[in-house]
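Accompanying notes for the structure given below.
The values are calculated or read from the model by the stated rules, or taken from the named source; none is laboratory data. None of these values were measured; they are calculated from a predicted model. Here Cβ is always computed from backbone atoms with ideal geometry, including for glycine, and neighbour counts include all displayed protein chains.
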Amino acid sequence: MGRLTTAEKQFYKDNGYIVLKKVLSDEEMNAIIEEYDKLFARKNQDKMESSWVGSDADDRKNNSAQTVKGIHNLQYHHAVFNSFLFSQRLLDALEDVMETPNIVLHHTKAHFKPPEKGAAYPMHQDYHYFPYKNDSMIAAFLHLDAAGPENGGLFVYPGSHKLGPQEDVGAQESNFHYVDQSKFPLEKATPVIADRGDVVVFSYLLVHGSPPNTSTRPRRMLLLQAASADDEPLGPQPLRPGQGWLLRGVNVNRDASISKRFETADVLNVQ
C-alpha cells in the first residue's frame, strides 16, 4: 500500500524530498495528537526551549518573544507514538527512497511552534549534527496540523541534497548548525504545503528551514530520523535512546567495531 511509483521515486532522487499523503488513519492521528498535547502540557516548559542560538534577528537570545518547544525520544513517553514509527505504509515508502530493506531508528523528536510567536529556523542540513558514511539518513516529518508559510511550515531547496555537505557556518559561533544564509536565503526556498497527516520524507543533506509562525494557528509536528542498517556514523557520536532499533529488516553489521564506537561515545538522556 505504501509502495512508491517509479515517478515518485524519481521525484525523490531529483529533489531530495517527497510528500506522502494520509500515512496514518484518522483514528491513529487523533490518538497521537491527544497524547502529544498531554505530553507538552505536563512537561517543564523551561526545559523545552528548542529555538536556535545564532547571530541574527531570530536568535532566541535577542528575540525572547519567539519560541519553539521541543521534546525528544517520544517512544519513551507513550506507546501511541509507535504507530508512526512502525507504520507499514511509512516503512514501505522509506524502503523505496532509501533503497534498502534494513532500516534502523536514529532518534525521534517533536516541535511545537505556538501561534503568533513561533520562532524561525535558519536554513541548514541535518548532516552536520550526525554525519554518516554513506549518507543514508532521512527524516520523516509528520504534520499534526496543516502547514504552510503562514504558520512556520517547512521550506526546502529542491535538489540541494546533490550538492553534498555545505559549509557549516553555525559551528563557528554556536552548537547549532546552519549553512550560509546568503547562499540559501529563506525567501528563495520552496515552501512545502502540507495537510494534517501528511508526512514529508527528506534526505539529511537537503537544505531546509522554516519561517516564524505569525498566524493564529499552531504548527505541531513530530519526526523520526532513520538510516540504513548497513551504514555507520562518521566518528564517535552521542548514542541516543532507542538508536539502533530495527524498524524493518535485519542488521547484519551489528559487529564489535560499530558497537564499540557507540559505547565509547556520550549517551544522551531521555528528555
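Structural remarks
- Qualifying residue in the stretch 101-114 (condition: closer than 19 Å to Gly244 by Cα, part of a helix (DSSP H, G or I) and either in contact (Cβ under 8 Å) with a residue 24 or more places away in the chain or in contact with a Pro (Cβ under 6 Å, 6 or more places away or on another chain) (or both)): no
- Conditions (1) of a type outside the set (Asp, Glu); (2) over 14 Å from Met123 (Cα atoms); (3) surrounded by fewer than 22 Cβ atoms within 10 Å (Cβ to Cβ): number failed by Ser182: (2)
- For the stretch 116-147, a residue qualifies if it is farther than 15 Å from Leu205 by Cβ and at pLDDT below 95, and the qualifying residues are Glu116, Lys117, Gly118, Ala119, Ala120, Tyr121, Pro122.
- Positions within the stretch 160-179 being part of a loop (DSSP other than H, G, I, E, B), surrounded by 15 or more Cβ atoms within 10 Å (Cβ to Cβ) and touching a helix residue (DSSP H, G or I) at 6+ places or on another chain (Cβ under 9 Å), in sequence order: Gln166, Asp168, Phe176, His177, Tyr178, Val179
Residue by residue, here is whether (1) among the aromatic types (Phe, Trp, Tyr); (2) within 30 Å of Asp37 (Cβ to Cβ); (3) in contact with a strand residue (DSSP E or B) (Cβ under 8 Å, 6 or more places away or on another chain) holds:
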| residue | (1), (2), (3) |
| --- | --- |
| Leu186 | no, yes, yes |
| Val200 | no, yes, yes |
| His208 | no, yes, yes |
| Pro211 | no, yes, yes |
| Leu223 | no, yes, yes |
| Glu232 | no, no, yes |
| Arg254 | no, no, no |
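Conditions tested, residue by residue: (1) under 20 Å from Val200 (Cα atoms); (2) under 17 Å from the mean Cα position of the chain (by Cα); (3) modelled with pLDDT of 65 or more; (4) of a type in the set (Ser, Thr, Tyr).
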residue: Thr6; (1), (2), (3), (4): yes, no, yes, yes
residue: Asp14; (1), (2), (3), (4): yes, no, yes, no
residue: Tyr17; (1), (2), (3), (4): yes, yes, yes, yes
residue: Leu24; (1), (2), (3), (4): yes, no, yes, no
residue: Lys43; (1), (2), (3), (4): no, no, yes, no
residue: Lys61; (1), (2), (3), (4): no, no, no, no
residue: Ala65; (1), (2), (3), (4): no, no, yes, no
residue: Ile71; (1), (2), (3), (4): yes, yes, yes, no
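One line per residue, one yes/no per condition, for (1) farther than 22 Å from Tyr12 by Cβ; (2) modelled with pLDDT of 95 or more; (3) surrounded by fewer than 22 Cβ atoms within 10 Å (Cβ to Cβ); (4) in contact with an Asp or Glu (Cβ under 8 Å, 6 or more places away or on another chain):
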| residue | (1), (2), (3), (4) |
| --- | --- |
| Phe81 | yes, yes, no, yes |
| Val97 | no, yes, no, no |
| Pro101 | no, yes, yes, yes |
| His106 | no, yes, no, no |
| Ala110 | yes, yes, no, no |
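- On inspection, Lys260 does not qualify as modelled with pLDDT of 95 or more and more than 30 Å from Glu34 (Cβ to Cβ).
- Yes/no for His177 being on the phi < 0 side of the Ramachandran plot and in contact with a His (Cβ under 7 Å, 6 or more places away or on another chain): yes
- Taken over the stretch 218-245, residues that are outside any loop (DSSP other than H, G, I, E, B) and either modelled with pLDDT of 95 or more or β-branched (Val, Ile, Thr) (or both) amount to 10.
Here's the yes/no breakdown for (1) in contact with a Leu (Cβ under 9 Å, 6 or more places away or on another chain); (2) of a type outside the set (S, T, N, Q); (3) under 27 Å from Leu24 (Cβ atoms):
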{"site": "Asp92", "(1), (2), (3)": "yes, yes, yes"}
{"site": "Met98", "(1), (2), (3)": "no, yes, yes"}
{"site": "Pro101", "(1), (2), (3)": "no, yes, yes"}
{"site": "Pro115", "(1), (2), (3)": "no, yes, yes"}
{"site": "Gly118", "(1), (2), (3)": "no, yes, yes"}
{"site": "Tyr127", "(1), (2), (3)": "yes, yes, no"}
{"site": "Leu144", "(1), (2), (3)": "yes, yes, yes"}
{"site": "Lys162", "(1), (2), (3)": "yes, yes, no"}
{"site": "Val169", "(1), (2), (3)": "no, yes, no"}
